Amino acid sequence: MKKIAIINGPNLDRLGKREPEVYGRATLRDLEKMVRTEAKKLRVSPTFFQSNHEGALIDKLGELADRRFDGIIINPGGLSHTSIALRDAIAGTGIPAVEVHISDIRRREPFRRKSITAGACVAMICGRGLPGYLLALRRLEKR
């Protein structure tokens, strides 16, 4: 059974409360339930982690590499646009990663349109809402 980690960065613990007109009303718990349901169908073992702290995300990525995970779905939140350290940590895992953004970052404020971290990933899915995570899960399941 493939092991896939779903990593969520800053402010994603506020899903359902923070800017619902952009991110919707579903919570992080709702997202995890949705992913678990799909993972069961695909016979994939999901692991979830969320942190508002860059260092904790970097530490978790190193742990996933050491534990030999098969894939990573990562929504780095605002760190996508600023963190070379997080990009290097993703690349350093050697694990295929798909970056997910709930909103379409290409249609948002100019500072959000470029993702530094996406360059370390095999794909980026944005603007598909929470179902973007399911698209990422299916993509990694097939690898």
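No lab work stands behind these numbers, since they all come straight from the coordinates. What you are looking at is a predicted structure, and each value in this text was computed from that prediction instead of being measured. As a convention, Cβ positions derive from the backbone with ideal geometry for all residues, glycine included, and neighbour counts pool all protein chains shown.
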(message) Rounded, prolate or oblate for the stretch 2-132? Axes are the square roots of the Cα gyration tensor eigenvalues, ordered a ≥ b ≥ c, and the cut-off for rounded is a/c under 1.5.
(response) oblate
(message) Sort 105-115, 3-13 by the packing proxy (mean of other Cβ within 10 Å over each peptide's residues), most packed first.
(response) 3-13, 105-115
(message) If each residue of separation counts as 0.36 nm, what is the full-extension length gain between R14 and R106 once their alpha-carbon separation is subtracted?
(response) 30.9 nm
(request) Under 12 Å from the Cβ of A120, count the other residues' Cβ atoms, weight Lys and Arg +1, Asp and Glu -1, and hand me the total. (result) -1
(request) Would you check the stretch 2-132 for Lys pairs whose C-alpha atoms are within less than 23 Å, ignoring same-chain pairs closer than 8 in sequence, and give me the count? (result) 11
(request) Quick one: dipole size for the chain, taken about the Cα centre, charges +1 on Lys/Arg Cβ and -1 on Asp/Glu Cβ, in debye to the nearest 20. (result) 560 debye
(message) Name the residue from F111, G92, Q50 whose Cα lies farthest towards the positive end of the charge dipole of the stretch 42-143, charges +1 on Cβ of Lys and Arg and -1 on Cβ of Asp and Glu.
(response) F111
(request) Determine the gain in length on full extension of the stretch H81-R36; use 0.36 nm per residue of separation and subtract their C-alpha separation, reporting nm with one decimal. (result) 13.4 nm
